[in-house]
Amino acid sequence: MSSEQTPTTTPDAAGPRPHRLTYAAGLTGLEGLGLLAGGVWMLVRGLTGQPDDRQQAVTGGLTLVLLALLPLLAARGLLGRKGWSRGPAVITQLLALPVAYNLLQSDSVAIPAGIVLAVVAVTALVLLLNPETTRALGIRGPGNAEK
């Protein structure tokens, strides 16, 4: 065993954060804030309003608040250039696409929300999967594990 330690930061981490990474973190954080706002709204309406089913409204609100933690933590990790954060951010975008599709299938004012959500999710996915973002996060591709 050697007393040498592997550096924990990547060589790219010393430079400025790429704009693509900042934009991806912003979009992911925006989705997290949207989930948080929706969850708080459902929770407040469930506790103070006259919902059809109070227990369902409170449970749905708490679920959305807890789900908001995933993209919010991922956005913070992306801003901090943590390699682990890309996975939760990508998962968030993939989960947003079916939600956007369902909103687009409705016959209500939810259609514009579906369009916005779809655009945000696809844009964030493109930014997250960009090679510049991958390098900035220190993620190595297949076959580059020994480098």
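The values are calculated or read from the model by the stated rules, or taken from the named source; none is laboratory data. For clarity, every value in this text was computed on a predicted model and none was experimentally measured. All Cβ positions, even for glycine, are placed from backbone atoms using ideal geometry, and neighbour counts span all protein chains on display. In case anyone asks, the SASA skips ligands and DNA or RNA and just uses the protein heavy atoms, side chains included. Shrake-Rupley method; radii C 1.70, N 1.55, O 1.52, S 1.80 Å.
Pairing each residue of the stretch 15-26 that is under 12 Å from Leu125 (Cα atoms) with any residue that is of a type in the set (A, V, I, L, M, F, W, C) and open to solvent by 40 Å² or more (accessible area, probe 1.4 Å), provided the two are 6+ apart or on different chains, yields C-beta distances under 9 Å for Arg20/Val126; Leu21/Leu79; Ala24/Val126; Ala25/Leu79.
Entry remark, the stretch 98-133: residues being open to solvent by 30 Å² or more (accessible area, probe 1.4 Å), closer than 16 Å to Pro18 by Cα and part of a helix (DSSP H, G or I) number 4 in total.
Residue under question is Leu47, and the condition is that it be open to solvent by 90 Å² or more (accessible area, probe 1.4 Å), more than 20 Å from Tyr23 (Cα to Cα), hydrophobic (A, V, I, L, M, F, W, C) and in a helix (DSSP H, G or I); does it hold? Yes. Restricting the stretch 73-82 to residues that are of a type in the set (Lys, Arg) and open to solvent by 70 Å² or more (accessible area, probe 1.4 Å), the residue that is modelled with the lowest pLDDT is Lys82. Return yes when Leu70 is in contact with a Pro (Cβ under 8 Å, 6 or more places away or on another chain), assigned to a helix (DSSP H, G or I) and surrounded by 16 or more Cβ atoms within 10 Å (Cβ to Cβ) and no when it is not. Yes; evaluated as a whole, the condition is true for this residue. The single condition from (1) in a helix (DSSP H, G or I); (2) of a type outside the set (Val, Ile, Thr); (3) buried (at least 18 other Cβ atoms within 10 Å of the Cβ) that Gln56 fails is (3). Scan the stretch 60-67 and give yes if some residue there is under 11 Å from the mean Cα position of the chain (by Cα), crowded, with 19+ Cβ neighbours inside 10 Å, in a helix (DSSP H, G or I) and among the aliphatic types (A, V, I, L, M), otherwise no. Looking through the stretch 60-67, none of the residues is under 11 Å from the mean Cα position of the chain (by Cα), crowded, with 19+ Cβ neighbours inside 10 Å, in a helix (DSSP H, G or I) and among the aliphatic types (A, V, I, L, M).
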